[in-house]
Amino acid sequence: MSAIIMDGKALAEKVKDQVRAQAEGLARTPGLAVILVGDNPASRVYVNGKKKDCAQCGFYSEEYALPVETTQQELLGLIETLNSREDIDGILLQLPVPAHLDEQALLHAIRPDKDVDCFHPYNVGQLMIGEKGFQPCTPAGVMRMLREYGIDPAGKRCVVIGRSNIVGKPQALLMLRENATVTICHSRTQGLKEECLRADILVAAAGKAGLVTGDMIKPGAVVIDVAMNRNAEGKLCGDVDFAAVQETAGYITPVPGGVGPMTRAMLMENTLLAARMHG
Ligand code: GUN
């Protein structure tokens with residue numbers, strides 16, 4: 001058996017077309033401000049992608065590419081200005097920020113109604129209690145992919161590997177909201193293989209190339225690879241040994257072309273939602 005490959009790239013294009021059509025119906029153009037501090041090459045690639053997505057969706061976008069020595073005060077001042085601008089619906093601070101900055105304090109300074117990443121404690125709390133509003137882009141992209149492929153998490157065993165605030169924890173919450181039975185595994189988990197073998201849906205978000213091998217997969221399972229690693233040859237890869245796992249899994253996401261494009265599409269949805277809220 002060979003798994004169905006879940007095409008995140010194609011689905012993301014469809015989502016962005018829908019976002020564009022909906023944005024055209026608004027009285028005002030949605031606006032996104034992206035802040036990048038320092039010269040992390042991966043972050044530069046991500047920010048370029050986000051700007052391209054904005055153009056594709058008919059959004060206004062602004063980029064603040066700031067030097068690595070930018071101070072906390074300067075950033076707080078910029079965020080405050082963007083918070084009060086009526087043409088800016090969403091503010092995204094690209095992570096990671098340089099070590100001298102207080103990342104949490106910066107994220108908490110973004111007004112919750114402009115927090116299109118869904119990192120502010122208010123939005124995290126709303127997510128926790130199941131209220132409507134922003135959802136973090138990567139976990140939301142995973143849920144959208146499952147829906148598109150007709151996979152209902154209800155009653156299924158879902159194992160999430162990774163407990164980050166950006167992916168692992170919110171992914172588990174969204175799976176729970178869809179009535180899955182959820183286990184979160186992490187670096188201190190004992191018997192990771194046995195946990196994974198029980199999973200009907202496995203979400204790998206550990207950031208460790210080759211972590212998930214073919215012998216860890218329940219036949220027919222849905223395997224979602226969220227990670228973006230570089231292997232020994234410098235090639236982009238996820239946490240999952242794709243070639244081996246696709247022999248056993250029922251569905252699998254590729255890296256690249258799986259969850260990554262969906263994350264970007266969900267950012268566009270969140271920006272549209274912010275623009276709607278701002279009227
Ligand atoms: N860096 C890596 N992933 C993300 C993300 O989802 N949002 C932001 N702001 N920075 C990131």
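The values are calculated or read from the model by the stated rules, or taken from the named source; none is laboratory data. Source: prediction; values computed, not measured. Heads up, the Cβs are rebuilt from the backbone with ideal geometry, glycines too, and the neighbour counts pull from every protein chain shown. Accessible surface areas use protein heavy atoms only, side chains included; no ligands, DNA or RNA. Shrake-Rupley method; radii C 1.70, N 1.55, O 1.52, S 1.80 Å.
So what's the back-of-envelope 222 nm ellipticity for the chain, counting only DSSP H runs of four-plus at -39500 (n - 2.57) apiece and dividing by all residues, rounded to 500?
Counting only the DSSP helices, I get -12500 deg cm²/dmol.
Quick check: from the Cα gyration tensor, does the chain come out rounded (a/c under 1.5), prolate or oblate? Taking the square roots of the gyration eigenvalues as a ≥ b ≥ c, the chain is prolate. Work out, in µm²/s and without decimals, the Stokes-Einstein translational diffusion coefficient of the stretch 1-137 at 20 °C, 1.002 mPa s, Rh from Kirkwood over C-alpha pairs. Stokes-Einstein gives a translational diffusion coefficient of 131 µm²/s. In the stretch 141-247, the portion of solvent-accessible area held by carbon and sulfur atoms comes to 48 percent [1.4 Å probe, whole percent, DNA, RNA and ligands not counted].
Each part gets one Cα centre, and for the stretch 76-98 versus the stretch 205-253 those centres are 35 Å apart. With both labels modelled 7 Å from their Cα along Cα-to-Cβ, the residue 95 to residue 197 distance reads 3.4 nm.
Neighbours of residue 247, meaning other residues whose beta-carbon lies under 12 angstrom from its beta-carbon, give a summed charge of -2 when Lys and Arg score +1 and Asp and Glu score -1.
Note on residue 149: accessible area approximately 60 square angstrom, rounded to 10, probe 1.4 Å, nucleic acids and ligands left out. In this structure the chain gives 46 Å² per residue of accessible area when probed at 1.4 Å with all protein chains present. Exposure check, 1.4 Å probe, all protein chains in place: residue 163 carries approximately 110 Å² of accessible surface.
Among the GluC sites (Glu not before Pro) found in the stretch 92-153, those both in a DSSP coil and sparsely packed, with 16 or fewer other Cβ atoms within 10 Å of their Cβ, are 131.
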